[in-house]
Structures are given as structure tokens and as C-alpha cells.
Amino acid sequence: MDEHIAEAIGRPDLVRLDDRLLCLRFETMKVVSALAAVRRLLETGVIRRGDTLLDSSSGIYAYALALACHRHGLRCHIVGSTTVDRTLRTQLAVLGATFEQMEPCSDLKLDQKRRVARVREILAEHPGHHWMRQYHDAVHYLGYEPVAARLRQELGRERTPGAHPPGERITLVGGVGSGASTGALAHYLRAAGADVRLVGVQPFGSVTFGSEHVEDPEIIIAGIGSSIPFGNVRHAAYDVVHWTAFDAALSGSVELLRRHAVFAGLSSGAAHLAARWERALDPERTVVFVAADTGHRYADSVFARHAEAVPLEQLAPREVTGQDQLALPWCRMSWDRAPAPAQAVAAE
Ligand SMILES: Cc1ncc(COP(=O)(O)O)c(C=O)c1O
């Protein structure tokens, strides 16, 4: 039995979509990450009960941190972007978290910079607050260790005598925001001896893997990509990167619901699209993709437009060998565990 609802919400489902395609489906990702991070900070004396934890978030981290604070008797203050909707704002208020929303700003880079500046202002006024730094502090990796262990155990169970051990040859696909979920899952699986190919999914325009020069008028797949460098992205862990535009991700999301009855968000749709492609490329591997949130917040922007979804068989990425060849709506590039591009290196 769980001692707090956060434990139940944080535990993902592993759902088989076909013989080699699995969906690691979270109700709200980052709850496991925030819970473990807060636990570690309490254990090491960095924070104490009653303290205020502070961070900026575009959505699901705000909820995750509010739950972790509720669980451990801490206060929570969030500086949120305009993507935080009314439902979440209301939940945060009732959970006891304080929330301030930035003024609408069409420039994503400016919006991110303004949020960081506001956090610094708050810290200057309240030096006792602890800034969680979800984009930079590796403490956010810890919570994914049990998820990786369970994944490996579940895959290991499927081993048929004489066949290649499927639990040890995995292609892991997921959207990259802070980089903690994909980075941590790959790290812990690899540390346990699994052969993992890591595939990151990005929106065009994101600086993280060097696509900041490519304009996407409908950019912003909530939670993935960035206009500023993040220390938690470990570039050298990734083998392949996909960039998807809004329409391609929409098709991936609608098809995930239509074919497999999984109602998940836009980054999940983008990961689904990339995962199906990777699955076809390597018959030896089991492909697992991350579905980070449910489809509710995308009901109007994505699912109501289901008639626009294109069957995934009709879509294919443009294979590129450098970021100068990137073009909408979908590209794929071998990253080959290269380091961060200069513009994506986070300052200490
Ligand atoms: C909907 C959604 N998908 C994917 C991600 C990416 O997760 P991570 O920050 O672990 O890279 C996020 C992060 O905010 C998100 O909100």
C-alpha cells in the first residue's frame, strides 16, 4: 500500500503495444524524480521540514514538486510559464503551493530568461528558500533508478530460451526537456549491463541539440526542447535525435489513442512516431518510448483536430547528417554520443 498518493501517481505503467514496441506511460512524469530529489535533500540536510522549495516550471514539474512538498511537509513556490493551465493552477492552490505566472510572452527564449531572473529576485528576497534547479541539478536523476530496474526486470522476464535476451537490447525513446528522464533511464539501464540505444526527441527551434536556427511557427511541444542550455542534458548519452514539428507529433498522439487506446500528450505522440521508426530499423531490439503525461491538456489543441492526423505509415523522417540540413516536419540524425554543441553547454 502507498503511504501517499504521490507514490501511486509516480509509478509508470509498462504497456505492450506490439511484439517489440512498449509504452512507458506516466500519469504525470517527474513525480518519481521530485520525490526522490526531495528525499535526498532532506536526508543530506540540505533542506529541512518547513522550508520552501522554489523552481520555475512549464507544467508537470510544478505538480510533481507540489506533491513532493505535500508528502514531506515542505512549502512550495513555483514561477510558471503561460503554458500552466487553469486546472493545474487550481490544483496547486489547493495543495498549498504558491504560484506566480509570468506575463504572456511570445518569445520562448525571453520567457525562459525572465523566469530565471524572477527566481533570482525571489532568492535575493528570501535567501532561505531552496532553488531546486530541475534543469541542472543531477539529484533529479535518482528517482528514475527504480523505474529502470523494473523495466529491466519486466523485459528480462520475456526471455525465451535460445533467443537473444530482449531485456538487454533496448532502444529507449523520449522527449528531451531537462534531459533527466531519458538520461537517467539510459544511465541506470546501461549501468546494469543493458545494451541501450538512446533516442532523444526534440521540437525544431530548440538549442539543446543545435536546431535553434530552424523556425517552427507552431513550436512548443510542452516540456521538451529549450532556448537556453540545460546542465542535466548529457549529450554524450544519445545515439540518435529526432526533431518533429507540431503536425507530426499530433499524428503520433492521435494514432496512439486510435490504435492503442493510450491517451497521452504531444511529447508522447512525438516519441511514439520516432519509436515506430526506430522499431522498423532494428529487428533485434525492443523499443520502449516514454509517455510523459495524459492527453487531457491537449484535448482542444490536439485531439479535437484528429481529422488532420496522417497515418504514420505515410510519414518518414528526412535523414540528415548535420543541423544545417534540418527542415520541417520531421528529421532524424545520428548523434553518435557526441558532446553538447557549443551553444548548448550550460554555464556552471
Ligand atoms: C510533457 C513532457 N514531456 C517530456 C518532458 C521531458 O522530460 P525531461 O525534463 O525529463 O527531459 C517534459 C518535461 O517537462 C514534459 O513536460
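The values are calculated or read from the model by the stated rules, or taken from the named source; none is laboratory data. Because the structure is predicted, anything quoted here is derived from the model rather than measured. All Cβ positions, glycine included, derive from the backbone under ideal geometry; neighbour counts span all protein chains shown.
Only residues that are farther than 11 Å from residue 22 by Cα and either in contact with a Pro (Cβ under 6 Å, 6 or more places away or on another chain) or crowded, with 24+ Cβ neighbours inside 10 Å (or both) were counted across the range 255-277, and they come to 11. Considering each residue of the range 20-38 in turn, at least one proves to be within 27 Å of residue 260 (Cβ to Cβ), over 17 Å from the mean Cα position of the chain (by Cα) and either outside the structural domain of residue 94 (by TED's automatic domain parsing) or of a type outside the set (Val, Ile, Thr) (or both). For the range 251-268, the criterion of being in contact (Cβ under 8 Å) with a residue 40 or more places away in the chain and under 21 Å from residue 337 (Cα atoms) is satisfied by no residue at all. In the range 279-300, of all residues being among the small types (Gly, Ala, Ser) and without any contact (Cβ under 8 Å) to a residue 24 or more places away in the chain, the one that is farthest from residue 261 (Cα to Cα) corresponds to 280. Annotation note: Cβ proximity below 7 Å between a residue of the range 129-152 that is closer than 20 Å to residue 346 by Cβ and touching a residue at least 24 places away in the same chain (Cβ under 8 Å) and a residue that is charged (D, E, K, R) and more than 13 Å from the ligand (Cβ to nearest atom) (sequence gap 6+ or interchain) occurs for 130/51; 139/40; 142/40.
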